[in-house]
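Worksheet for the structure shown next.
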There are 4 protein chains.
Amino acid sequence: MRANDKLKQYSIAEVINKKVHGRTRKENAPLTLFWTGSALELNAKGSELWIEVESDYDMYEPWISIVINGAWVSRQMIQAGRYWICVFRGMNDQMVKNVRIIKDVQAMSGDMDCKLQIHAVKFDGDFLPLEDKPYKIEFIGDSITSGEGIFGAKPEEDWISMWFGAVENYTALTAEALNADYQVISQSGWGVLTSWDNNPHGNIPDIYDKVCGLLQGEKNEALGAWQKHDFNSWQPDIIVVNLGTNDNGAFHSPEWVEEATGVIYKQRLNEDGSYNEEDLKAFERAAENFLGMLRGYNPRAQIVWTYGMIGQDMMPAIYRAVDSYQKNTQDKKVSVFQLPNTTEQTVGARSHPGRLAHEKTAAQLADYLKELLS
Amino acid sequence: MRANDKLKQYSIAEVINKKVHGRTRKENAPLTLFWTGSALELNAKGSELWIEVESDYDMYEPWISIVINGAWVSRQMIQAGRYWICVFRGMNDQMVKNVRIIKDVQAMSGDMDCKLQIHAVKFDGDFLPLEDKPYKIEFIGDSITSGEGIFGAKPEEDWISMWFGAVENYTALTAEALNADYQVISQSGWGVLTSWDNNPHGNIPDIYDKVCGLLQGEKNEALGAWQKHDFNSWQPDIIVVNLGTNDNGAFHSPEWVEEATGVIYKQRLNEDGSYNEEDLKAFERAAENFLGMLRGYNPRAQIVWTYGMIGQDMMPAIYRAVDSYQKNTQDKKVSVFQLPNTTEQTVGARSHPGRLAHEKTAAQLADYLKELLS
Amino acid sequence: MRANDKLKQYSIAEVINKKVHGRTRKENAPLTLFWTGSALELNAKGSELWIEVESDYDMYEPWISIVINGAWVSRQMIQAGRYWICVFRGMNDQMVKNVRIIKDVQAMSGDMDCKLQIHAVKFDGDFLPLEDKPYKIEFIGDSITSGEGIFGAKPEEDWISMWFGAVENYTALTAEALNADYQVISQSGWGVLTSWDNNPHGNIPDIYDKVCGLLQGEKNEALGAWQKHDFNSWQPDIIVVNLGTNDNGAFHSPEWVEEATGVIYKQRLNEDGSYNEEDLKAFERAAENFLGMLRGYNPRAQIVWTYGMIGQDMMPAIYRAVDSYQKNTQDKKVSVFQLPNTTEQTVGARSHPGRLAHEKTAAQLADYLKELLS
Amino acid sequence: MRANDKLKQYSIAEVINKKVHGRTRKENAPLTLFWTGSALELNAKGSELWIEVESDYDMYEPWISIVINGAWVSRQMIQAGRYWICVFRGMNDQMVKNVRIIKDVQAMSGDMDCKLQIHAVKFDGDFLPLEDKPYKIEFIGDSITSGEGIFGAKPEEDWISMWFGAVENYTALTAEALNADYQVISQSGWGVLTSWDNNPHGNIPDIYDKVCGLLQGEKNEALGAWQKHDFNSWQPDIIVVNLGTNDNGAFHSPEWVEEATGVIYKQRLNEDGSYNEEDLKAFERAAENFLGMLRGYNPRAQIVWTYGMIGQDMMPAIYRAVDSYQKNTQDKKVSVFQLPNTTEQTVGARSHPGRLAHEKTAAQLADYLKELLS
């Protein structure tokens, strides 16, 4: 192998001209990428670029994708340990490459050891400044928004990191269509009130104000996951909430028992299969409260509650929740948008929306958001 | 990281149930992958699989893609050295995964150090037998067939490994449409008579009978690249030749001077821009002779000369060559098929056919080949 | 012209084996086609078929389309008068042709003279029995459902019959996808409470129980347009309501004054551009009442309120109306479904949904309805 | 029906501002439309337009399509007799409408009575001048070029006018993509040497220099069909020849016996199924001679021999013919272009290319022709 003598190593802190996508702690050296779609972006004028990553996990290893000048070139599992990855080499050193190193898997609430960090870079050129895009979008969701099932053959059923994807996700495609920066807050199985299995702790609102509040354990605490998020640092123009699918699932799943207390949690169905009114109301109140929380932290954002990629049974309740919120607040910048249901043609792995489903969603959602922005 | 105590290491020679795609030497341990699209295929019943790769290069590093149950999950640069790559982990150990580790870059005639090998695997299950597909196809071509430009943004101009691709290549797509195994013999810039820059050594026929005869240097010799290929080991049903684009380029490029002898080589144009008749004849004779060579080594194959993805100026000469070959041999199993030209909509990086161009080509070529096979 | 001596003339009443689509009077000889998409369907085993039509109009002439064995072969303006049209000729007399003569334009509330009738047929073969399709769908809507703008270049602005279309309409495409018979009740400019220009008479509920109650004048009365519709004759499995677009328009249009009484009608906006709450409530009550009326006449139908092809401002109000209806009735077979908005790419003539918009709507709506039927 | 008092009648000769597409006699009043795709084009500023047509036939009635401002609005059988057809009514009289009345069926060599004429127009406005498009294309072909099978369900087998189409034909689509005027010379079953059933009179070259030389009988003679065509009146930039499909068919069809002389005609196959060399040579000579004839009449046209929409067995012979022609003439403006074969997905009625096949052909052919024009 021909050595490149011109490579110089810089800690990530030394790289001033960089852009970090996705919530992370302020003191970001080494740079921890928590959420799916979170990324390090560079404008790199030089011929060869390496990054030093560090990864750990108990079960769910991280994956990254590499995008150069907007074109996807690599996707790989990040094995445990600390090592160097070559991003590109042999390129014209006079051309500036826009590079994004993207976390391709969601934050893993079920794996206290899961970690992905970027410590340093080696480069033989200069990093140039990056400009913000004209808009900012925040996506809040569950497995759909985490891109579960974008990768993998349709029959796949294992719940593993490999099937998740951030690049062909509707979040990335929508943001690209709108020329927007974006970040994602999402967790498979979670809802606005409860997780799919009636666990009341599996709700996004409880962790929304933290950097990555759904991670557990001292290691994650040390990484800053539990820090209060600085909302002033990134105020979205649009917030897309895509929750409700697991809240619906809870009605059709067995009860969940809190071990410590023995308390039983269950969203109930009536005997005729319809939703128990009280429990549905609880969902609606949770949704309404979440809207209030979102508005509190994001005063100028258009908030769009989207729903429908895996069934649309909760849509009436979502409309009621938004309606009630608007009546009580006179907040005009909140709306509901139905997403196209996933079909046999568009399904991916694990019975989740596949690439075609994400493309269809992004096309329709982008059309809708463009009108809100105009 | 949770250790998997059940992993056992096997040298590649110990893995009996495997399928190797693409020409390589007989004594294939470690397994050297030379050509683009060459691959190790396994039916792996177990939960976690690793491969040990070894790579080297002076300039042009190898890349691999990983395909699981037909779905593309990973693509990565293989850095110099010998190390382990995890193919999958955490999967249901009772399910059989069809796994292909695919060389995503062509053999590099310009880099004597370029090497990709698989030494060993670690696995916690059993490798099951693999069946041959009903058909075998051999593709012979240049940069187009090497998938140059499938990856990368349209403005990219660097000549680097990163922009090559085997998985969304028309070769892979055509083979998939026909449910066929396939192998590729291809080299950017080469022709049937001469390379794009009039170098008479840049021709595929001269190296066709070797395992990978275009590689140079003692290292490659030691890897078996210059061994005579055993044609009995893999007799294709169809041979697709996609050559002529660089033979055409030679007419429009400066002369090439053999350093050792001072001999000048140049495919000439007439003053009015038309092809010099004598030089065009030389191309036709080379094409005709190559057909004879192909028939000699592949007695039962349908041979299809395809052309047209980057212009179709040589098509009349190709038809004349095939016509003359057929007149002289009465060989009925030879034909010509025009491929769709690349357009602004379908172009990829480096002004080469992009993914859409490869998809269009594969759709039309597969339709044509299906008729030949029926 | 070679004469066909075998042609025999039958009055439409003499043709026993026929199927009439769309509401019309019981004593249907001559057969009057009122609504868009209404049709005469025949299974004709013979070589040559003619129909005798009669048409009149003051301003808005009728058009028909002819579909043979599911393929669209003709579309033509029907000029005033009574004359014969050849449907097909020169065909194999041993083959059965499924033929549909389809009214391609809506009933025209603004033209008291508008009329389309089929008096008789000439045929040289036998009419065979027709079977019902497994499902029946009724579509209720406005100009969108009337297919206004499916024909014509995008800049067209004239309000004329020529731009309407029934065959590439989402109603026809959805019914075909579900293998369903269908009928349409629709009128450009009308709503559930009021027309786009605040005319309170431009509402579908008021005329829903008549054969074609929106037509005016003695001529139409004589044709049976004001007869009470016999709901027992055709009970739909699904009713798709696509109203609300003009009710929304009324808020943004000038007031309407009833000439006779001087009474002023206006759906009001607040000063800040939001909907006047009282007027919006009136819309919601009208929608809720219409659901009750629909249920009364169609006891077993799934009722789906669809909306969104030209904006979705009324969607929250529609959800509230449906919600209130369900609370008051416990009727489970009512739901709301958002249709894809029309975009620059999918728009047709007169700023209305074009063919692509209707295709997109039909694809999504059919997917949704399939689930309701399963 | 409300009468339009402003309508004035003009004989077609009185309409100075008109454009006639397709070959016809010079003294074109009444205007006879012979070939498929031939048309009367007007820029009509007014509210209501009628045309007076006259039609006759023994077996194969004419059909027309009407295109307004580029949008297809009507297609109808023209019954025998002379009568008025309303093209549009009720439109804004201040807007100019571009109107094309298009013959939707080929000239019918097998029906001596077949005729379509336009005698007069009624209009309430002014006809404005029309400009020529930047290019002119002539298409020469057989049933494919006549659009046989564009209309009708796939199982249709009757050979009738109804299944032919000019508007979604690859000729119209290619011309539109190139912004070109075009005309068509085509006849189902015919070839360059012989028809599909070995009739030696079924060849286009014999009739190429007449206005519409394939029509027979005194009536057609009187209409000017046998007049020598004035090639100076319309010199194409491109000639697309799409012949060879029926010449191939002749090899696989029974012999044809000239009744008058008893002479037998047959393109022979060898016993092994290959083409008889002498007969294939006759085809090649016919093709070569036709190229010479085309060049004689069209000195500046790019001539492109296209082939392949229904098989491509004759392609080598076509290449040889073009090659031989070029060797003998040094004519550089002749080339060959392979068209995409029709597949199960793209087939139309009567086992002929359907709309999708014509769209695919037009897309690829237009790309190729654009390069020739640049």
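The values are calculated or read from the model by the stated rules, or taken from the named source; none is laboratory data. For clarity, every value in this text was computed on a predicted model and none was experimentally measured. Note that each Cβ is placed from the backbone with ideal geometry, even for glycine, and that neighbours are counted across all protein chains shown. To get the accessible areas, we keep the full protein, side chains included, count just its heavy atoms, and leave off ligands, DNA and RNA. Shrake-Rupley method; radii C 1.70, N 1.55, O 1.52, S 1.80 Å.
For segment A:52-62, the tally of residues that are facing chain B (nearest Cβ under 8 Å) and either buried (at least 22 other Cβ atoms within 10 Å of the Cβ) or in a loop (DSSP other than H, G, I, E, B) (or both) stands at 5. Is there a residue being at the interface with chain A (Cβ under 10 Å from one of its Cβ atoms) and touching a His at 6+ places or on another chain (Cβ under 9 Å) anywhere in segment B:160-170? There is at least one residue in segment B:160-170 that is at the interface with chain A (Cβ under 10 Å from one of its Cβ atoms) and touching a His at 6+ places or on another chain (Cβ under 9 Å).
Residues are listed down the side, and each one gets a yes or a no for (1) part of a loop (DSSP other than H, G, I, E, B); (2) open to solvent by 10 Å² or more (accessible area, probe 1.4 Å); (3) in contact with a Pro (Cβ under 7 Å, 6 or more places away or on another chain); (4) at pLDDT 95 or above:
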{"position": "C:Glu138", "(1), (2), (3), (4)": "no, no, yes, yes"}
{"position": "C:Trp159", "(1), (2), (3), (4)": "yes, yes, no, yes"}
{"position": "C:Ala172", "(1), (2), (3), (4)": "no, yes, no, yes"}
{"position": "C:Ala175", "(1), (2), (3), (4)": "no, no, no, yes"}
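Residues are listed down the side, and each one gets a yes or a no for (1) in contact (Cβ under 8 Å) with a residue 12 or more places away in the chain; (2) of a type in the set (A, V, I, L, M, F, W, C); (3) in contact with a His (Cβ under 9 Å, 6 or more places away or on another chain):
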{"residue": "A:Gly22", "(1), (2), (3)": "yes, no, no"}
{"residue": "A:Leu31", "(1), (2), (3)": "yes, yes, yes"}
{"residue": "A:Leu40", "(1), (2), (3)": "yes, yes, yes"}
{"residue": "A:Lys45", "(1), (2), (3)": "yes, no, no"}
{"residue": "A:Trp72", "(1), (2), (3)": "yes, yes, no"}
{"residue": "A:Met77", "(1), (2), (3)": "yes, yes, no"}
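Among the residues of segment B:354-374, those that are open to solvent by less than 50 Å² (accessible area, probe 1.4 Å) and under 15 Å from D:Thr346 (Cβ atoms) comprise B:Gln364, B:Ala366, B:Tyr368. Among all residues of segment C:91-107, there is none that is within 18 Å of D:Glu61 (Cα to Cα), open to solvent by 40 Å² or more (accessible area, probe 1.4 Å) and in a strand (DSSP E or B).
Within segment A:29-37, not a single residue is open to solvent by 10 Å² or more (accessible area, probe 1.4 Å) and at the interface with another protein chain (Cβ under 9 Å from one of its Cβ atoms).
Filter segment D:261-295 down to the residues that are in contact (Cβ under 8 Å) with a residue 24 or more places away in the chain and of a type in the set (Asp, Glu), then identify the one that is surrounded by the fewest Cβ atoms within 10 Å (Cβ to Cβ). Filtering first and then ranking leaves D:Asp279.
Consider segment D:123-136 and keep the residues that are in a loop (DSSP other than H, G, I, E, B) and surrounded by fewer than 13 Cβ atoms within 10 Å (Cβ to Cβ). The one that is farthest from the chain's Cα centre (by Cα) is D:Pro129. Here B:Ile303 clears all of (1) more than 13 Å from every other protein chain (Cβ to nearest Cβ); (2) open to solvent by less than 30 Å² (accessible area, probe 1.4 Å); (3) assigned to a helix (DSSP H, G or I) except the condition numbered (3).
Flag not set for B:Trp50, criterion: modelled with pLDDT of 95 or more and either under 21 Å from B:Ser161 (Cα atoms) or under 18 Å from the mean Cα position of the chain (by Cα) (or both). Picking from residues in segment C:77-90 that are part of a strand (DSSP E or B), hydrophobic (A, V, I, L, M, F, W, C) and more than 7 Å from chain D (Cβ to nearest Cβ), the one that is surrounded by the most Cβ atoms within 10 Å (Cβ to Cβ) is C:Val87.
Residues in segment C:261-279 that are assigned to a loop (DSSP other than H, G, I, E, B) and within 14 Å of chain A (Cβ to nearest Cβ): C:Asn270, C:Glu271, C:Asp272, C:Gly273, C:Ser274.
Filter segment D:306-324 for residues that are more than 13 Å from D:Gly292 (Cα to Cα) and of a type in the set (Gly, Ala, Ser); which is most open to solvent (accessible area, probe 1.4 Å)? Going through the qualifying residues, I end up with D:Gly311. If you take the residues in segment D:325-337 that are surrounded by fewer than 16 Cβ atoms within 10 Å (Cβ to Cβ) and more than 8 Å from every other protein chain (Cβ to nearest Cβ), which one is nearest to D:Val240 (Cα to Cα)? Here the answer is D:Asp331. Looking at this structure, is D:Ser74 outside any loop (DSSP other than H, G, I, E, B), facing chain C (nearest Cβ under 8 Å) and either crowded, with 21+ Cβ neighbours inside 10 Å or not hydroxyl-bearing (Ser, Thr, Tyr) (or both)? Here the answer is yes, as D:Ser74 does meet what is asked. The set of residues in segment A:167-202 being closer than 23 Å to A:Asp247 by Cα and hydrophobic (A, V, I, L, M, F, W, C) consists of A:Val184, A:Ile185, A:Trp190, A:Val192, A:Leu193, A:Trp196.
The residue list B:Ala282, B:Ala317 contains one member that is farther than 24 Å from B:Ser374 by Cα and within 14 Å of chain D (Cβ to nearest Cβ), which is B:Ala317. Exactly one residue out of B:Asn298, B:Asn341 is more than 11 Å from chain D (Cβ to nearest Cβ) and surrounded by fewer than 21 Cβ atoms within 10 Å (Cβ to Cβ): that is B:Asn298. Would you point out the residue of segment B:329-374, among those that are free of Cβ contacts under 8 Å to residues at least 40 places away in the same chain and part of a helix (DSSP H, G or I), that is farthest from D:Ser274 (Cα to Cα)? Only one residue fits best here, namely B:Leu356. Selection within segment A:185-224: residues that are over 22 Å from A:Tyr265 (Cα atoms) and among the acidic types (Asp, Glu). The member of this set that is most open to solvent (accessible area, probe 1.4 Å) is A:Glu218. Residues that are in a loop (DSSP other than H, G, I, E, B) and either within 12 Å of A:Gly110 (Cα to Cα) or among the aliphatic types (A, V, I, L, M) (or both) within segment A:191-225 comprise A:Val192, A:Leu193, A:Gly202, A:Ile204, A:Val211, A:Leu214, A:Leu215, A:Gln216, A:Gly217, A:Leu223, A:Ala225, listed in sequence order.
Please go through segment C:38-49 and give me each residue that is open to solvent by 10 Å² or more (accessible area, probe 1.4 Å) and part of a loop (DSSP other than H, G, I, E, B), ordered by number.
Correct list: C:Ser47, C:Glu48.
Taken as a whole, segment C:178-190 holds at least one residue that is in contact with a Phe, Trp or Tyr (Cβ under 9 Å, 6 or more places away or on another chain) and acidic (Asp, Glu). Any residue in segment A:7-17 that is in contact with a Leu (Cβ under 7 Å, 6 or more places away or on another chain) and either open to solvent by 10 Å² or more (accessible area, probe 1.4 Å) or part of a strand (DSSP E or B) (or both)? Within segment A:7-17, one or more residues are in contact with a Leu (Cβ under 7 Å, 6 or more places away or on another chain) and either open to solvent by 10 Å² or more (accessible area, probe 1.4 Å) or part of a strand (DSSP E or B) (or both).
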